[in-house]
Structures are given as structure tokens and as C-alpha cells.
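*Asks:* Input: one structure, supplied below.
The values are calculated or read from the model by the stated rules, or taken from the named source; none is laboratory data. Quick caveat, the model's predicted, so the values are computed rather than measured. Here the Cβ positions follow ideal geometry from the backbone for every residue, glycine too, while neighbour counts run over all protein chains shown.
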Amino acid sequence: MPHYETTLRGRLHEIIFEADTSAGKLFDLLLQVSILLSVLIVMLDSVQALREDYGAFFYAAEWGFTLLFTLEYLLRLYSIQHPLKYARSFFGVVDLLSVVPTYLAIFLPGGQYLLSIRILRLLRIFRILKMAKFVGEAEALVLALRASRRKIVVFLLTILTLVIIFGSIMYIVEGAEHGFTSIPRSIYWAIVTMTTVGYGDISPQTDLGQGLAALIMIMGYGIIAIPTGIVTAELAFKKRVTTQSCPACSASGHDPDAEFCKYCGAKL
């Protein structure tokens, strides 16, 4: 019985899921270009003037990309030893969502369904998420975010506590006559102010309120840098990984000297 790596499925897996061969790199490049072009078509098709002049071209191009991505999805399922694992993975779902809306539009004809079709077509933007797995540092970034998730949660809880406190204080200081009609609305103002967005739809009018707002804005500049420092610290200790993908479960992010998948135990 031929070894998996020498079979057609094995060769397809090496080309489609990995990027350490010339064929794999070419496949990734062509797929990235196709994704960008398909997303560009969706964006241009949303412009009324362009759709009136080039609607037929956009429609044909959309079906062309849909058929192309459908073939790619089927080949991914065929080339992996456990197709259901890939189908249930994040990128497996993204791959499916990138082609399903076009097929669903066939079964939703009529003007009364146009709104539903337009909403479904927005799902095609999910295609661009597939590009994340072709960025060399994507795996390191994911690992850094995963390693620092507890610190980030604590940070977000701290921010939530601060905006509740500051919002409640501003509700007491300014009151409804200055636009702070409720504590939730005052919390909204505190969030907008602390993030230095500053819409200006609500603003304090009293001296005490303006002084508190200045304090919140200054705090905002310092707080914004904290999540960056947390993730950067984790990235500084990142481990080098390869582009090799498990032929059984499609998991990536393996160490350069790994011989077996750290998720399912299959031989790499």
C-alpha cells in the first residue's frame, strides 16, 4: 500500500495546505490574488452606478470565483485524512461561508427576497479571512493573543469598572440639563472620552465636569498602550513554527523538528 505522502491525496495536501514547496507557494499566491479580486468584485458591485454599467460582468465574475472556491474547498476535504475535522475548523467554516451565499441566491428569487440576498452576499467578505493563514506571522500572533488572554480580560474588566465609575460621577456632576440623562448614557460618554474618540454629542459644561473629563482623556492615552505592551511581551517569547500542516486534522503551527501533530498525534 503506497505511503500517504506519495499518493495523490498526499501530494494535493502538500500543495494546498503547506507553503514550503514551490508548488505550495504558487498555490498560495494564486489563491490570495483570487481572494482579493473576488472581494474587490463584491465591493464594486455594491456601487449603484458601476452595477448598472457592469452588472453582467460582476455577475459572471462572481460565479467564476464561486466555482473556483468551491473546487478548492472540495479539494481540501479530499486531500485531508479526516475531512470532518477540517470542515468543523474555523477556516473550514470560512471556506464554506465564502461559497454558500451564491448558491443560496439561486433559490431566493423575486423582489421580496432581494433584501435577504443582499444580506447573504455580505457573507462573501469572509473570503478575506482565509488570507490570514497565509501570513507568516499569523500563527505567532494568535499564540501571543492566546497566551495573554487572561491579562487582556483583566484589563478589559478594569476599563469597564473605570467607565462605570466615571460615568456615574459625571451623571451626578452634570445631570440631565447638560445631556447626561442617565447613567448608561454617561457611561457611553466615558467610553468615548477614554478611548479619545470624542464624538462631541455630549460634553460637560461645569468646571468640575470639564476637569474630570480632562483627567479621563489623559488616562485614556496611557491606557491605550497597555494591550499593545501585553501582546508585544508575548511576541518577544514566540516560538519559531513551520508552515507544515497536519495531513489528518489540518492543524498548523508545529515546531520545526516536530515529527507528529501536537493536536491529533498523526505523523507529519
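*Asks:* Looking at 24, 64, 55, 92 in this structure, which one is under 16 Å from residue 251 (Cα atoms) and among the small types (Gly, Ala, Ser)?
*Replies:* The conditions single out 92.
For every residue, the table says whether it meets (1) modelled with pLDDT of 90 or more; (2) assigned to a helix (DSSP H, G or I).
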position	(1), (2)
124	no, yes
131	no, yes
150	no, yes
153	no, yes
192	yes, yes
198	no, no
205	yes, no
212	yes, yes
215	yes, yes
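*Asks:* Something else about it: If only one of 77, 44, 67 is within 30 Å of residue 263 (Cβ to Cβ), at pLDDT 85 or above and surrounded by fewer than 18 Cβ atoms within 10 Å (Cβ to Cβ), which one is it?
*Replies:* The conditions single out 77.
*Asks:* Take the conditions within 23 Å of the chain's Cα centre (by Cα) and either modelled with pLDDT of 80 or more or within 30 Å of residue 263 (Cβ to Cβ) (or both) and apply them to residue 86. Does it pass?
*Replies:* Here the answer is yes, as residue 86 does meet what is asked.
*Asks:* Just one of (1) modelled with pLDDT under 75; (2) surrounded by 13 or more Cβ atoms within 10 Å (Cβ to Cβ) trips up residue 219, so point out which.
*Replies:* Looking at each condition in turn, residue 219 falls short on (1).
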